[in-house]
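To start, the structure itself, in structure tokens.
Rule-based calculations on the coordinates, nothing more; no lab input. Computed from a predicted model, the values in this text were never measured in an experiment. Please note: Cβ atoms are built from the backbone with ideal geometry, for glycine as well, and neighbour counts cover all protein chains shown.
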Amino acid sequence: MANPNLPPEILQRVQVLQTEIEQLQLNLNAIEQQISLINRAMTSIDGSILTQTELEGKKGGDEMLIQIGGSNYILCTIKDPDKVFISLGSGISRQASLKEAKERNKTQLDSLNSNVKQLRDQYNQFSQMMNNRRTELVKIAQDYQVLGQ
């Protein structure tokens with residue numbers, strides 16, 4: 001769109017708009033990546049809640065398939081279905097009751113859902129800002145007959 005017939009202040013505004021659009025696009029891409037990561041975490045937590053729900057109906061000595069990653073399972077004999085280990089992060093875990101683990105997972109899921117909502121709101125805001133910049137660029141192009149009409 002750089003046209004030698006554009007006044008210097010308009011040319012400068014076009015360059016600013018192009019830079020802002022590029023930055024907004026980078027922000028949109030980053031938000032999409034964050035949402036994708038959160039969705040993967042939510043899928044993992046959903047799987048954990050599903051397994052915990054299945055454990056609720058079990059007693060010591062029962063057998064159950066436990067997912068070990070992907071579509072792989074192992075058959076386990078349950079020693080005590082109310083004793084589970086929850087991760088505290090950094091490879092540290094502690095024992096908790098099944099009820100506590102489920103409540104913790106549901107709290108995590110609620111928090112992640114809230115984060116996704118905030119990210120989607122931010123995405124929509126950035127998207128609208130980018131559309132506004134593009135509209136301004138098109139108007140400048142039309143006003144200065146840079147685009148064919």
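For this structure, a couple of remarks:
- Neighbours of TYR144 by Cβ distance under 14 Å: Lys/Arg scored +1, Asp/Glu scored -1, total -1.
- Other-chain or far-sequence residues with amide H under 5 Å of LYS58's (modelled H): none
- Between GLN33, GLN12, GLN122, the GNM of the chain built on Cα springs shorter than 10 angstrom shows GLN12 fluctuating the most.
- Computed about the Cα centre, the dipole magnitude for the chain is approximately 200 debye when only Lys and Arg (+1) and Asp and Glu (-1) carry charge, each at its Cβ.
- The distance from the alpha carbon centre of the range 3-68 to that of the range 75-117 is 22 Å, rounded to a whole number.
- Listed residues LEU109, LEU119, LEU75, most fluctuating in the chain (Gaussian network, C-alpha, under 10 Å): LEU75
- TYR73-LEU37 pseudo-label distance in nm [points 7 Å out on the Cα-to-Cβ vector]: 3.2 nm
- CD proxy at 222 nm, helix term only [per DSSP H run n ≥ 4: -39500 (n - 2.57); per residue of the chain; nearest 500]: -24000 deg cm²/dmol
- Residue-wise HN-Hα coupling along the range 27-33, computed from phi with Karplus coefficients 6.51, -1.76, 1.60 (Hz; x: Gly, Pro): 4, 4, 4, 5, 5, 4, 5
- Overall dimensions of the chain, expressed as equivalent-ellipsoid semi-axes from the Cα gyration tensor (√(5λ), whole Å, largest first), are 56, 13, 12.
- Restricting attention to the chain, the count of lysine pairs at 8 or more positions apart or across chains with alpha carbons under 22 Å apart stands at 15.
- With Cα atoms, 0 to 90° folded angle of helix 98-143 axis to the chain main axis: 10 degrees
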